[in-house]
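Before any comments, here is the structure.
Taken together, the values in this text are just the output of simple stated rules run on the coordinates, not laboratory data. Being a predicted model, the structure only gives us computed values, none of them experimental. Here the Cβ positions follow ideal geometry from the backbone for every residue, glycine too, while neighbour counts run over all protein chains shown.
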């Protein structure tokens, strides 16, 4: 049975931990496990009928090569004959497996059980054979791999090699041992061992290239424990050249050598012996057979794996538009005496006066509420702090209680220990798409109250609008690149395997780093923007507010934003030294397409979450997540959910989604409840009756769904006018009783919080 994907992912994590370095683990349509020394990639086949111990064995083996085998590896062997490479493979395997067992003793059991499994499958091709008749190199291979299950004996002369292999610590020692073993084989062994029933003569050894493919990628760059191997970059680059220069003449160079007597009476050859009157190039048959059989474990039915990298090397300055640049676009529209507008023309300076007055009125109405919420927030924090407080004996005698020592055990002073609370920060992302037009006034008002509160209680914050319209004017003037779905691709963010982002910008509307004057201007211009979208289709509008062309609404690059947000979060955490990030995504629809990745500097390829095992990787945290193939979900929705879940895994973060529903019919509610059910993997309950939920939604103007679409919570909020921040009056009759006063005040307080949904939820998150 094929290994479950979740198990494969856990083993990938294991391999990275074992390698103790930046090793990338990939599953794919490979014939054998290998290690790419240049890119530090451990490649593992998609195996079938694979036990956990056997999988661990193969991972541990390749990690051993990654840690202990030098990159030059097999290229030193090209002048020694083709079979010499198999000798190196056998002896080096013995060395690196010994080292990996010492480094990770817990892996010994995996080696024992894994090789036992391979013996049962006759991977070495020794069934029904007399072990004594095998060549020395094959007995050595079996001794170190399956010696616990096969009785293998060595004579005195052969035992010398075993002793040397046991003590070999470096690659140079391995190479010397193999040279001696190879010469020993040419001088002392028969040219053929009777293993014909295993088709030894029918292996794919016809060409040098086939043999090289089997071995060249198995050896990695050694950060050698003894620092005895130090290969330069130049030598690494020459590696491929050495392969290409190999010819048939090179592989057969030893076949014409003449016998000469050596100093010790042995024979010296130039690459092949002449034992028994035959040309003889020794090789490890058991090693060769192992490799042939290994390919039979590869599953042919598995979905291909596709690895997509987060754009961690992106220069955020190319994506984030600073607030200073944004509001500089407003200034020409809100200054000067020139009359603007077709109806009721008004000058820019007059517009600025109106916008300032409108914001000041908004601030006045909300100031007392912000102060009240700030005090409530401090009380909640204090309560949580009190709950965390522990009392301990200080070890100092309390002189006032000392006289009670005969009957009182508590004669020491008490010490209150308060664990440090965590510093919180806010990062907010606002949908700047065309469908947000009717929700924009309420969204901006909610945003303003949240920003003013954070400023009041000194919580660091960044507020971004994600937009694909701000920079399109500049992009259109340059060479354009589109994905298959017609969305413009950002050519600045590339890299093999990196997701191809659509052209978009993060507009930094508000920041805790802004000076008081800058923040005040931002308040005014955003207030003007809110009223622009609220009143622009009204013929009876009082003031014809204007906004820059670049601030017009566009598409929904939500997934591109989520891909980049990992870098945004790291930058925010670094600058503000916060422990916990609270992230709010305010949206009213799904993301547009973002399902392509770079395979070169000029070429993209689409990844398909339905037909492939798509793995999203973060090179910084070394974590990864698989995008599930869920029925009934659009690709972009599934990617959104996976990215949100991944962000929660990578960061200590609370991430909440406020989803705006401008209209809500029965059919809309049924679809939404079905999505909730599918997302949580449970059937709908009786409480989720669409009629009941509709009544609840219309009454309370929102619904809360925990753990939906990857978020900690998703708020379904009625958009339009319901989203706007309104002042709630305190209604109390003149002859009201104390109970009626308390009820009225409670209704008043609740109403203020409900009108400020973003702020209310944020306070709850941070206070906790």
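Applying 1/(1 + (r/R0)^6) with R0 = 45 Å to the Cβ-Cβ distance of residue 610 and residue 293 gives a FRET efficiency near 0.85. Stretching the chain fully between residue 375 and residue 517 yields a gain of 48.6 nm (0.36 nm per residue, less the alpha carbon separation).
Once the Cβ-Cβ distance of residue 116 and residue 707 is raised to the sixth power relative to R0 = 41 Å, the FRET efficiency obtained is 0.45.
Given R₀ = 35 Å, what would the calculated FRET efficiency be for residue 337 paired with residue 663, taking r from the Cβ atoms and rounding to 0.05?
Approximately 0.20, to the nearest 0.05.
Based on other C-beta atoms within 10 Å, arrange 377, 453 from fewest to most.
Numbers: 377 20, 453 25.
By the 10 Å Cβ count, ascending: 377, 453.
If you rank 286, 602 by fewest surrounding Cβ atoms within 10 Å, what's the result? Mind showing how you got there, number by number?
Numbers: 286 26, 602 9.
Listing 286, 602 from fewest to most nearby Cβ atoms yields 602, 286.
Across the stretch 577-616, the residues whose backbone nitrogen lies under 15 Å from the label position 7 Å along the beta-carbon direction of residue 481 are 595-606. The label point for residue 104 and the one for residue 315, both projected 7 Å from the Cα toward the Cβ, are 3.9 nm apart. Label-to-label distance for residue 40 and residue 600 is 2.7 nm, based on points extended 7 Å past Cα in the beta-carbon direction.
Distance between the modelled labels on residue 692 and residue 456, one decimal in nanometres: 3.7 nm (7 Å Cα→Cβ projection).
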